[in-house]
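The values are calculated or read from the model by the stated rules, or taken from the named source; none is laboratory data. Keep in mind it's a predicted model, so treat the numbers as computed, not measured. Note that we place each Cβ from the backbone using ideal geometry, even for glycine, and neighbour counts take in every protein chain shown.
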């Protein structure tokens, strides 16, 4: 075989592998974009709404204030 034929065969195989790899990467990026979009849509549904969080924090603050008041009453005795 001539050297040019071998170079053409090697180049063809190399370009085929690179093309396959590029196609796989393109598909993976497309899947990731779809996953990110799905997360963006579902994210507000899965987290606690701000109003609920504020109510829970207010309850915790009230409980801590009562504990603090009881400790102050103990310290005064």
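Below, the figures for the structure above:
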{"quantity": "Which listed residue, of 21, 71, is modelled with pLDDT of 95 or more and either surrounded by 10 or more Cβ atoms within 10 Å (Cβ to Cβ) or more than 21 Å from the chain's Cα centre (by Cα) (or both)", "calculated": "21"}
{"quantity": "Qualifying position, being in a helix (DSSP H, G or I) and exposed (fewer than 10 other Cβ atoms within 10 Å of the Cβ), among 14, 5", "calculated": "5"}
{"quantity": "Criterion (in a helix (DSSP H, G or I) and modelled with pLDDT under 95) met by exactly one of 41, 29, 48", "calculated": "41"}
